[in-house]
Structures are given as C-alpha cells and as structure tokens.
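Student: To start, I am sharing the structure in question, which I have written as structure tokens.
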Amino acid sequence: MSAAGELLVWAATHGRDLPWRTTRDPYRILVSEVMLQQTQAERVVPFYQRFIERFPDAAALAKAGDDELHRLWKGLGYPSRADRLRTACQTVVAQGWPEDMRTLPGVGPYTAAAVGCFAFGRPTPPVDTNLARVYARREALPRPVQADAVAELVRVDLQDHPSGIANALMDLGATICTARAAQCDRCPWAHRCRSRGDPAIHAATSNPLKVASTKRSYGQVRDRSLPHRVVVLGLCHHDGRYLVAKRPADRHAGGMWELPGGKREVGEDDRVALARELTEELGVELLAARHLMRYSYNYPDRALTFQVYRCRLFDPQNARALDGQTDLRWVTPQGLLALSFPPANAAILARLRRYHRIL
C-alpha cells in the first residue's frame, strides 16, 4: 500500500471529527482557517459553529455590523482578523472567488493553500508546524527545515486525495507525531520513518519551522543582480549506491565529481529537463523522480538555483557517458562523500551526510 493509502486507512479510524471537514464550501473553510491561525482546533469548534449559524455564507458576513461581528469573535483574539475576513467576503460577493486566493484581503500563502486544497481539491499543501514535523522526522531532513522543501514532499502524497491526505497529516502531527513526544508505536508511517525511535532527532524537529527561521540554511542567498539559471540534478540510486560522474580535465572544475543533470531550458519543467539531460548524457530514461531539495549558489558572473531530485532509472546498469570522456561510477554513500565535488555541491553533500548519519 502507498504511503498515502496507509495514512487514509489510519485517518478513517483515528482522524479528528471537526465540523469544517464535512464541507467543500470555500467560505466555511476560509472562516475555519482564519480562526485556526491563533487557536487550537478543539477550542475553535464552538466559535466556528456559532459563527456559521449566524453568518452561513459570504453574503451574510459581508453585511455584518462591527458590534455583532466582534461579539461573535470575542475569545479568539485579534478582532482585526474578523474585520479582514469580512472585507474578503465583500470582495467575493462583488467579484466571485478568485483563482489565486492570495488576492483576497488578509489571505496569505498558507490560508490560500489551505482553501485551495480543502475546498477545490488542489494539491497545494498548507504547510504548518505539524506537517513540517511529520516530514522532517519521516525523511530525517537536515535543519533548518524549509517550508517549500516540505511542500514538495507533501505534494507527492497529496496527488490522489488532496484534502483527505492533508487533514490526515495534520491529525498525525497533532496527535501522534507531536512536539513533546513521537508515539512511534502508534504511527501508520513508523516503518517508513528514518528517525523512528531517535529521541535526538525528535527533539531537534519538535518545531522545525521555527528552527528554520533562526538558523543558518544550506546554500546561499541568491544574488539577484547576477544572470540567473536553474540547474536540475539527479541523485540516482540503485542497490544502495549513487551514480556520479567525473568532469573531464579540460572543463570547469575538471577532475571533480558531480551528479548527473544540467541546465533547465526556459519554460521547461524540472522533471522534463532532468529526463532530457539523463537521456542526452547517459543514454538512460528516467523512471521516477521525487524532489529532494532546492538551494542557490552564486558564482562571480552568475547565480544558480539547484533543484535536486532523488530518482530511479530504467536499466540503471546501462548508464554510460555518451561523450566518451566522462568517468561514471556507482558508489556507496560513504564513497560518494569521500570524493571531491565543486563547492556548489556542498549543500547536497551536507544533506547526504545528515541523511546517512556519516560524520
């Protein structure tokens, strides 16, 4: 069974029964998300029910007076959130629901992603601390954990049942994989978890997004004054080994090792670019690719954004350097980390060192 399937089976028995989960009405989901911004779900329930009873749709809330609106919001704190919610509903009444929810007053990236996922079934993961914690532990992600990196991992699991999987993930993080203690013996993903039973990682990832905002990240801040290119790299794995290539001596960083891949063309999808590069360079086809990490590196004359994918190949043993010059090898994780790579690959090596726990 897939990871998503396992989570749905678990949620059918152990998921939380919350009133906003029984609707796909974007208005009601928006109300719940705004209320949940500063308050735990169980405490929000009675406020949500009273609020929806009085203001059942966007049109009703758009006409609400200040006194009644603030009275019903009292106890949730930050009454300005209620004011912005009313303004958003006035916009909806006048213009309809927008394609991009972030155009509504007071709606940020997280709330927009949540409404898109729960109301419209889009694979737009609303990454909060609970989701980040689950994936930081399952994948043993290096700190600091970046929300966009978690979103890429979540998006893979959301494809078939976005709202159901997203709700199940929130429940898993809120009730099982909690900040205080990971109850690994009750977790449906225990057999998939790379930090199962590791109290050190559990403690380090109790609040992964907070850590991300205060600690140094891998890579660099992109220099936007320089010409920019996107490079896609494949961390190709087979039988516990990774595929690496040695750069010819007459090229930049000659004699050093690198991962297969290359520059993404303008308008090209990452995975399409990676598949093209693997075919052109190695004569093999891409079987599967999952986003692993994103980081930037600045050269004196250009800024590069690296998109790294963990991937599998059709007929991996038939990979060969089509230029006749490049030396290819399948190496163990320890062997890879012993090779000499260009400085631009330091972020990948740090990630692998953490993942394989190699000092």
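Values quoted throughout were computed directly from the atomic coordinates according to the rules given, and no laboratory measurement underlies them. Remember, it's a predicted structure, so these values are computed and weren't measured experimentally. With ideal geometry, Cβ positions are generated from the backbone for all residues, glycine too; neighbour counts draw on all protein chains shown.
Student: Over the chain, what is the relative contact order in whole percent, taking alpha-carbon pairs under 8 Å and six or more residues apart? Working shown, then result.
Tutor: Details: 561 pairs, mean separation 50.4, N = 359.
Relative contact order, the chain: 14 percent.
Student: So what is the diffusion coefficient of the chain in µm² per second by Stokes-Einstein at 4 °C and 1.567 mPa s, using a Kirkwood Rh over Cα pairs?
Tutor: Values: Rh = 22.7 Å.
Diffusion coefficient, whole number: 57 µm²/s.
Student: Pairing the Cα long axis of helix 129-138 with the longest principal axis of the chain, what angle in degrees results, from 0 to 90 and rounded to the nearest 10?
Tutor: 30 degrees
Student: Moving on to the next point. In whole angstrom, note down how far apart the Cα centers of region 1-59 and region 120-164 are.
Tutor: Distance between centres, Cα-based: 18 Å.
Student: Sticking with this structure for a sec: Based on C-alpha coordinates, I'd like the Rg and Dmax of region 77-155, in Å.
Tutor: Just the Cα atoms of region 77-155 yield Rg and Dmax of 15.1, 47 Å.
Student: Between ARG180 and GLN38, what FRET efficiency follows from the Cβ-Cβ distance if R0 is 22 Å, with the result rounded to 0.05?
Tutor: Working: r = 20 Å, r/R0 = 0.92.
Result of the calculation: an efficiency of 0.60.
Student: Right, here's the next one. List the aspartates and glutamates whose Cα lies under 14 Å from the Cα of LYS263, skipping any in the same chain that are fewer than 8 positions away.
Tutor: GLU277, GLU280, GLU281
Student: Next question. Express in nm, to one decimal, how much length is gained between ARG312 and ARG251 on full extension, taking 0.36 nm for each residue of separation and deducting their alpha carbon distance.
Tutor: Details: separation 61, 0.36 × 61 = 21.96 nm, distance 2.73 nm.
That pair, ARG312 and ARG251, stretches by 19.2 nm at full extension.
Student: So what does the Cα-only Debye profile of region 4-132 read at q = 0.15, 0.22 Å⁻¹, as log10 I(q)/I(0), no solvent term?
Tutor: -0.71, -1.49
Student: Can you give the Rg/Rh ratio of region 228-355, where Rg is from the C-alpha atoms and Rh is the Kirkwood radius?
Tutor: Working: Rg = 13.6 Å, Rh = 14.8 Å.
Ratio of gyration radius to Kirkwood radius for region 228-355: 0.92.
Student: Same structure again: What fraction of the DSSP beta bridges in region 228-355 is antiparallel, stated in percent and rounded to the nearest 5? Please list the in-between numbers first.
Tutor: Working: 23 of 32 bridges.
Percentage antiparallel, nearest 5: 70.
Student: What are the aspartates and glutamates whose alpha-carbon lies under 13 Å from the alpha-carbon of LYS74, with same-chain residues fewer than 8 places away excluded?
Tutor: Partners within reach: ASP66, ASP83.
Student: Within 10 Å of each residue's Cβ, count the other Cβ atoms and sort VAL150, VAL232, VAL284, VAL266 from fewest upward.
Tutor: Working: VAL150 24, VAL232 27, VAL284 20, VAL266 7.
So the ranking, lowest neighbour count to highest, is VAL266, VAL284, VAL150, VAL232.
Student: Quick one: helix 109-120 against the long Cα principal axis of the chain, what's the angle to the nearest 10°, folded into 0 to 90?
Tutor: Once rounded, one gets 80 degrees.
Student: In whole Hz, what ³J(HN,Hα) sequence does region 29-34 give by Karplus (6.51, -1.76, 1.60; θ = phi - 60°), x for Gly and Pro?
Tutor: After applying 6.51 cos²θ - 1.76 cosθ + 1.60, I find 5, 4, 4, 5, 5, 5 Hz.
Student: Between the helical axis of 270-282 and the dominant principal axis of the chain, each derived from Cα atoms, what acute angle in degrees is found, rounded to the nearest 10?
Tutor: 10 degrees
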